[in-house]
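**Student:** Quick one: structure below, then a few questions.
The values are calculated or read from the model by the stated rules, or taken from the named source; none is laboratory data. Just so we're clear, the structure is a prediction, and the values are computed from it rather than from any experiment. Neighbour counts are summed over all protein chains in view; Cβ atoms, including those assigned to glycine, are modelled from backbone coordinates with ideal geometry. Remember, those area values only see protein heavy atoms, side chains included, never the ligands or the DNA or RNA. Shrake-Rupley method; radii C 1.70, N 1.55, O 1.52, S 1.80 Å.
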Amino acid sequence: MDIAVFSDIHGNHTALQAVIDYCMGKGITNYILLGDFISDCPNPQKTMELVYVLKQYFTCYIVRGNREEYLLNYKKSGQDNWSKGSGSGNLLYNYELMTDKDFNFFDSLPIYGIWNPKKVAGFEYCHGSPESSSEPIYGEKRNTKRILNKMQTNILLHGHTHVQETFLYRDKKAINPGSVGLPRNNNQYAEFAVLHGNGTEWEEELIQVKYDRHEILKEFASSGLKEYAPAWAAVTMHTIRTGVDLAEAVLLKAMRLCEEERGMALWPNIPEKYWAEALKEFYIDLSGKDIPRRK
């Protein structure tokens, strides 16, 4: 039995289609989707259409990620006052394109699941951790060992960090398939994993697949996402082009610049000029391309 494991698509439907095509070619009919289906890339409805197709025609085990929880929480309260701009414009853009079907789907999903039939080796799966969709799990970290110690099975499938890796601790294993849509692998390939099972044990295969990055990059301009979140879109395009994720670094720099000049910085209300300055600090232009460095 083979099971494909997808995580952190982040709206990159081009990459998702590529990994689905790969799995179709291998005859895989079982899928685990670990959340963060949308946000960051344009036209999220195209990603949701692919998710629904998988769910309809194949066996799927699905949990929601922190990005889906952001949208659900905003729908229920709207307390963060999202607006156009690089602070929260990306989230607002995705929120406005989601339908009642999408919100109902997100709301129906758990943050943790376990597949543990009798006489067959089982596994557990989540986006961040079994307790929180936003808790990161990295190999060798104290919380990773604590989580693995509490597991009912010997394998935990998790995402969130966009780092493709396997960590073994006391005969228990944490497997991160990496990110389908925004991988941090320096070579721009879409990442996922396949579990190969024989009934008594599972062996993971970590896979990287080339896809047409130019197709998704062209949609940033035509979709309106760049107008909603100029600098954030630029950082996302840079990640797709390079496999290097500087989103958190640019955000922190923009907030620091704002605080230095204004005395405080409160997300998401960071003026665009600080985002633009932060991009320049990391040699990124508003098209997500590298700015040549002076020698």
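**Student:** Name the single residue, out of those in segment 168-196 being surrounded by fewer than 17 Cβ atoms within 10 Å (Cβ to Cβ) and under 21 Å from Lys119 (Cα atoms), that is modelled with the lowest pLDDT.
**Tutor:** So, considering only residues that are surrounded by fewer than 17 Cβ atoms within 10 Å (Cβ to Cβ) and under 21 Å from Lys119 (Cα atoms), the one modelled with the lowest pLDDT is Asp171.
**Student:** Can you pull out every residue in segment 25-46 that is open to solvent by 60 Å² or more (accessible area, probe 1.4 Å) and farther than 26 Å from Lys218 by Cα? Spell out the reasoning first.
**Tutor:** Here is the first cut: in segment 25-46, the ones open to solvent by 60 Å² or more (accessible area, probe 1.4 Å) are 25-26, 29, 45-46.
Across segment 25-46, the qualifying residues are Gly25, Lys26, Thr29.
**Student:** Within segment 74-90, which residues are in a helix (DSSP H, G or I), touching a helix residue (DSSP H, G or I) at 6+ places or on another chain (Cβ under 9 Å) and without any contact (Cβ under 8 Å) to a residue 60 or more places away in the chain? Explain how you work it out, then say what you get.
**Tutor:** The initial filter retains those residues of segment 74-90 that are in a helix (DSSP H, G or I), namely 74-77, 89-90.
Those still in the list that are touching a helix residue (DSSP H, G or I) at 6+ places or on another chain (Cβ under 9 Å) too: 74-75, 89-90.
Of everything in segment 74-90, those that are in a helix (DSSP H, G or I), touching a helix residue (DSSP H, G or I) at 6+ places or on another chain (Cβ under 9 Å) and without any contact (Cβ under 8 Å) to a residue 60 or more places away in the chain turn out to be Tyr74, Lys75.
**Student:** With the checklist (1) touching a residue at least 60 places away in the same chain (Cβ under 8 Å); (2) within 29 Å of Cys126 (Cβ to Cβ) in hand, flag the one item Ala249 doesn't pass.
**Tutor:** The number of the failed condition is (1).
**Student:** Looking at Tyr93, is it part of a helix (DSSP H, G or I) and under 16 Å from the mean Cα position of the chain (by Cα)?
**Tutor:** Values: part of a helix (DSSP H, G or I): yes; under 16 Å from the mean Cα position of the chain (by Cα): no.
Considered against the rule, which asks whether it is part of a helix (DSSP H, G or I) and under 16 Å from the mean Cα position of the chain (by Cα), Tyr93 comes out as no.
**Student:** Among the residues that make up segment 231-249, is at least one of them more than 18 Å from the chain's Cα centre (by Cα) and surrounded by 17 or more Cβ atoms within 10 Å (Cβ to Cβ)?
**Tutor:** To start, the set of residues in segment 231-249 that are more than 18 Å from the chain's Cα centre (by Cα) comprises 231.
With surrounded by 17 or more Cβ atoms within 10 Å (Cβ to Cβ) added as a condition, the list becomes 231.
The answer is yes, given that some residue of segment 231-249 is more than 18 Å from the chain's Cα centre (by Cα) and surrounded by 17 or more Cβ atoms within 10 Å (Cβ to Cβ).
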